[in-house]
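Below is one structure, written out as C-alpha cells; comments come after it.
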Amino acid sequence: MTLEGARERWVRTGGVELCVAELGDPAQPTVMLVHGYPDSKEVWSEVAARLAGHFHVVLYDVRGHGRSSAPQPLRGGFTLEKLTDDFLAVADAVSPDRPVHLVGHDWGSVQAWEFTTVKRTEGRIASFTSMSGPSLDHFGHWIKKRVSRPTPRRVGQLLGQGAKSWYVYLLHTPVLPELAWRGPLGKQWPKILRRLEKVPGGDYPTPSLPTDAAHGAWLYRDNVRARLRRPRADAYAHAPVQLITPLGDVFLSEKLYDELELWAPQLTRRTLPAKHWVPRTRPDQLAAWITEFVTTTEGGRTTSAATGPYADRFGGQLVLVTGAGSGIGRATAFAFAEAGARVVAVDRDAESAARTAELSRLIGAPQAWAETVDVSDEQAMEKLAEKVAAEYGVVDVLVNNAGIGLSGSFLDTTSEDWRNVLDVNLWGVIHGCRLFGKQMAERGQGGHIVNTASAAAYLPSRTLPAYSTSKAAVLMLSECLRAELAGQGIGVTAICPGFINTNITSTARFTGVDAVEEKRRQKKSARLYGLRNYPPEKVAEAVLRAVVRNQAVVPVTAEARGGRLMSRFTPRALRAIARMEPPL
C-alpha cells in the first residue's frame, strides 16, 4: 500500500519531525487527511488517490507513527494541545495562504475535533469531515448528561458505549499494551482486520505497526481521562462539519452523536452500512462525499440540495433503475434523486428515460443520466454495464424494476408468450444481477440489489400463470443471491407490490382473445387498479427503506402483506381462492 506519485517533505515542530506527503495540484483547495490509531498516513492511500484529481491532498504521519519521529519522553508528548501544534505547522507549510479542508478518521477525527473547536485555529479550517472519532469534550458532556439525569434509555446508551470502549481501558494499563503490540497482537493485526473488517489482504502497513501502536497508546493516556472528567464548555465547531457514521462500527455507538447539532451548528450527517475502517473498505463513497462537501463549502454552501428523508444515506451514491421511464421505476428514481443520489435512468423508451433523468436533476440528484436498453437483450445489457462502469462508476444500488404484464389461462399462453414475459421479467433481472452485481463484488465495497417481484410471486392465480411464475422466480433468485453475496457486504431485496396504480395494466397483454377484447380487458383492469389507487411513490419509499434496513422480502400494500402471511400459514385457503378467481 503506497502513495504513488506523492511529493514528500518534512515539517519540524515541537521537537518532532513529521513526514508529510502531497498529491494533486497545489493551486486547488487543500484537503488534509489525518489518520487514526494504530494506523499511519498510508491508510488513506485509496481515498487520497481518488481525491487527487480534484484537490491538493495532504497526508502526514501523526507524531510517533509511520515515518514521523516520536516525542521524548513519550508521557505528555501526545496531548491534544501538542497535536494541534503539529496540525498548524503542517497547514502553514502546505497551505500558508488558504484554509484547509480537514478529514479525520478514528483518532485522526478526535484530534481534528480539537483543531476545529479551539480559538487559535479559527480561519485555518474551511471544513471538517469526521468519521469514527468523537470530540472528547462532546463525549464528556454526553456522559455527564446521562449520569446526572439518568433514564432507562440513557443508561442503556451509556452501558452500550461502555461495552464498546473495552479497549480504551486496556490501553490505560501500564506496559501491557506495548508488550501485546510488540508481541503476538502486532503480528496478527493484519489478519484480524481482514477477518473482522474485510480490509483487503495485504492492504495494511506492517513494518512500523508494533512501534506505532505502542507509541499511540499515549494518545489515550494523555487525553481521555482528563477531557472526559473536565470537558470544555466552549467546544463549538467554527467550520462546517460533515459527520460520516459507519452503522456497523464495533467501537462507537451511533447514539454518541446525539445532539451534535448543539456543538456543530453547520452539520451535515451521512450514514454508511460499513464497519470501522471505512478509509480502506469504502474509499469510493468517502471520496464522493468529501468531494461534494468540499466543493459545496468552497462555493459558499454548506449542505447539499438533497431534501429526502434518506439524504444522509444515499447522497452521492450511484443508483441505476431499470424500467425508469414510468410507474414504480420513475417514482423510485425520483426518490433516490431526492435523497441526493446520482441516478442512471434506464428504459427501452428513450424519451421516457430522458424525461426521468431530467426531472431527477430538478428534484435534487447532483447528476442523472438516461440510458436506453432492452433488459432482455444480454449483449445490450453487457454494453450498458461496461459504459456505466467506465463513465459513471460502479453502481452502489441496482434496482431491477423493468417488467411486463401478461394475463390469460395457461392453455391459451403460447411458447412465444412465455418467452416474452420470462425474457423481460426474469432474464432482465438475471442480466442486471450478474453484470452489475459482479462489478459490486469485484470493487469490494459492498452495495445493494433490489429486484421488483410481485405479490403474484406467492399468490397462485388461474389468470396469471406466466406472470406469476416469472415473479416467483425473481423472488427465489433474490433469496439465493442474498445468501451468496452477504459475505461481500452486498444486500439483496425482493420488493413484492400488490395492486399499484401504474400503466402496466394498460399495456399488459391478454392471451386467447382478439384485439378488441384485449383492449376491453386492459381498460377494465386499469379501472380496477385506479379504484385501488395505491401510488407508485409508496413503493419507492419502501424500496429506499428496504435498502437502509437491508430487508430480504418486502410486501407492499395490505393485500400483498396479507397474501404473504396466508402463503406461509394458510396455503390451502389461497389455493381455494385461486380456483374461484373470476376471469377479467
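Quick look at the values:
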read-out	value
Region 185-204 residues that are in the same structural domain as Arg282 (by TED's automatic domain parsing) and surrounded by 13 or more Cβ atoms within 10 Å (Cβ to Cβ), paired with ones that are at pLDDT 65 or above and not in a helix (DSSP H, G or I) (beta carbon under 6 Å, 6 or more apart)	Leu193/Val199; Glu197/Lys275; Glu197/Trp277; Val199/Trp277
Breaking point among (1) in contact with a strand residue (DSSP E or B) (Cβ under 6 Å, 6 or more places away or on another chain); (2) closer than 19 Å to Ser135 by Cα; (3) part of a helix (DSSP H, G or I), for Lys255	(1)
Elements of type helices (runs of 4 or more DSSP H) in region 18-137, at least 2 residues being aromatic (Phe, Trp, Tyr)	107-117
From Leu485, Leu544, residue being of a type in the set (A, V, I, L, M, F, W, C), modelled with pLDDT of 90 or more, within 23 Å of Tyr310 (Cα to Cα) and buried (at least 16 other Cβ atoms within 10 Å of the Cβ)	Leu544
Of the criteria (1) within 19 Å of Glu541 (Cα to Cα); (2) without any contact (Cβ under 8 Å) to a residue 24 or more places away in the chain, which one Glu416 fails	(1)
Residue within region 147-160 that is aliphatic (A, V, I, L, M) and more than 24 Å from Ala264 (Cα to Cα) present	yes
Only one of Lys144, Lys119, Lys82 that is in the same structural domain as Pro231 (by TED's automatic domain parsing) and either in contact with a Gly (Cβ under 6 Å, 6 or more places away or on another chain) or at positive phi (or both)	Lys82
Filtered residues of region 432-477 (kept if over 30 Å from Trp277 (Cβ atoms) and aromatic (Phe, Trp, Tyr))	Tyr458, Tyr467
Out of Pro177, Pro200, Pro205, sole residue that is out of contact with any Asp or Glu (no Cβ under 8 Å at 6 or more places or on another chain), modelled with pLDDT under 90 and under 23 Å from Ser68 (Cβ atoms)	Pro177
Single match in Val394, Val429, Val399, Val424 (criterion: part of a strand (DSSP E or B), within 21 Å of Val319 (Cα to Cα) and touching a residue at least 24 places away in the same chain (Cβ under 8 Å))	Val399
From Leu171, Leu102, residue being modelled with pLDDT under 95, closer than 30 Å to Glu197 by Cβ and out of contact with any Lys or Arg (no Cβ under 6 Å at 6 or more places or on another chain)	Leu171
Of residues in region 27-50 being touching a residue at least 40 places away in the same chain (Cβ under 8 Å) and more than 22 Å from Val110 (Cα to Cα), the one nearest to the chain's Cα centre (by Cα)	Arg50
Every residue from region 339-376 that is within 20 Å of Ala288 (Cβ to Cβ), touching a strand residue (DSSP E or B) at 6+ places or on another chain (Cβ under 7 Å) and outside any strand (DSSP E or B)	Ala341, Ala357, Ser360, Arg361, Ala365, Pro366, Gln367
Qualifying positions in region 458-475 - at pLDDT below 95 and in a helix (DSSP H, G or I)	Pro465, Ala466, Tyr467, Ser468
Sole exception among (1) of a type outside the set (A, V, I, L, M, F, W, C); (2) crowded, with 19+ Cβ neighbours inside 10 Å; (3) at pLDDT 95 or above for Gly66, by number	(3)
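The values are calculated or read from the model by the stated rules, or taken from the named source; none is laboratory data. Bear in mind the structure is a predicted one, so any value in this text is a computation, not a measurement. A quick note on method: Cβ atoms are made from the backbone with ideal geometry, for glycine too, and the neighbour counts reach across all protein chains shown.
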